[in-house]
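Novice: Take this structure, written in structure tokens, and hold onto it; I'll ask about it next.
What follows draws every value from the coordinates through simple rules; no lab data is involved. If you're wondering where the values come from, they're calculated on a predicted model, not measured in any experiment. Cβ sites come from the backbone with ideal geometry, for glycine too, and all protein chains shown count toward neighbours.
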Amino acid sequence: MSSPTRLSEAIDSAMADIASIEAHASAGSLRLGEIEARLIALARSATFASMEPPAAGATGIYYVLSEPTDPPYGLYLNVAPAGNRAPPHCHGVWCVAVGFRGEETNRFYRFTAGQNGGAGNLDELESRVLAPGAGMCMRADDIHSVDVSGAGPVAHLHLYARRLSQFPELVVYDTATGSRRTAPAPVPKRLDSGAVN
Ligand SMILES: [Fe+2]
């Protein structure tokens, strides 16, 4: 089988493989590690490596790479400037992220709810650096924060169990007060037609 030379073909091939991984998983089991390996291979492919990601703006932006209808996953290129931070939050759907350009530090937490709806407590469990060649899997109830900790911007791949427009509301945590609130998922942008051809 020849390697795809067009970025859209490389992405479609990876998404088809990921759909197959999920289709062959036994009921109730997620095979996020296999999905992570397939996405790392996509990010490392010559076809993908030749893509120049959009310049980072003042905040993080999600660009659509693929939003298939069945299964209704969303694959995005998340571009964010150095120093950008996302507070602790929970997506409510599983996610696999792999590094493409730049470095960011992800911290993971456990939340203990307060009594009678009062302030809760957020304990940091571990931190992991997402960088080229590395990947990270998150289950639907995982809580993480993001800090673009490298010297430059990041451009990483994020695959979610649902496209962003079909997300449940995010739960965002305040480490200082132990409170939490809901927030809408970000609205992704489209890449210029020349970027994915
Ligand atoms: Fe996140």
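Novice: Do you know the relative contact order of the chain, to the nearest whole percent, from alpha carbon pairs under 8 angstrom that are 6+ apart?
Specialist: 26 percent
Novice: Could you tell me the calculated FRET efficiency between R44 and T177, based on Cβ-Cβ distance and R0 = 45 angstrom, to the nearest 0.05?
Specialist: The pair R44/T177 has a calculated efficiency of 0.60.
Novice: When the chain is fully extended, how far beyond the present Cα-Cα distance does L125 get from Q166, taking 0.36 nm per residue of separation?
Specialist: Full extension from L125 to Q166 adds 11.9 nm.
Novice: Now a separate question. Helix-only estimate, please: 222 nm mean residue ellipticity of the chain, summing -39500 (n - 2.57) across DSSP H runs of length 4 or more and dividing by its residues, to the nearest 500.
Specialist: -5500 deg cm²/dmol
Novice: Tilt of helix 32-44 relative to the longest C-alpha principal axis of the chain, in degrees (0 to 90, nearest 10)?
Specialist: For 32-44 against the chain, the angle is about 50 degrees.
Novice: Among A80, H91, A16, which residue has its Cα positioned farthest towards the positive end of the charge dipole of region 8-102, with +1 placed on the Cβ of Lys and Arg, -1 on the Cβ of Asp and Glu, and the dipole taken about the Cα centre?
Specialist: A80
Novice: For region 71-88, in order, what is each residue's ³J(HN,Hα) by Karplus, 6.51 cos²θ - 1.76 cosθ + 1.60 with θ = phi - 60°, in whole Hz (x at glycine and Pro)?
Specialist: x, x, 6, x, 10, 10, 9, 9, 10, 8, x, 4, x, 5, 10, 10, x, x
Novice: Still on this structure, please answer the following. Springs between alpha-carbon atoms under 10 Å, Gaussian network over the chain: tell me which of A23, A37, A155 tops the mean-square fluctuations.
Specialist: In the Gaussian network model the winner is A23.
Novice: Would you mind giving the three semi-axes, in whole Å and largest first, of the ellipsoid equivalent to the chain according to its Cα gyration tensor?
Specialist: Ellipsoid half-lengths, sorted descending, are 29, 20, 15 Å.
Novice: Follow-up question, since we're still on this one. Once the piece of chain linking D70 and S20 is laid out straight, how much longer is it, given 0.36 nm per residue of separation minus the C-alpha distance between them?
Specialist: 16.9 nm
Novice: Oh, and also: Taking θ = phi - 60°, what integer Hz values does the Karplus form 6.51 cos²θ - 1.76 cosθ + 1.60 yield along region 16-25, in sequence order, with x for Gly and Pro?
Specialist: Per-residue couplings from phi come out as 5, 4, 5, 4, 5, 4, 5, 5, 9, 6 Hz.
Novice: Could you order peptides 87-96, 106-115 by the average number of other Cβ atoms within 10 Å of their residues, highest first?
Specialist: Order by mean packing, descending: 87-96, 106-115.
Novice: Pick out which of L122, L65, L77 has the largest mean-square fluctuation in a Gaussian network model of the chain, springs linking Cα atoms closer than 10 Å.
Specialist: Result for the chain, Cα springs under 10 Å: L122 fluctuates most.
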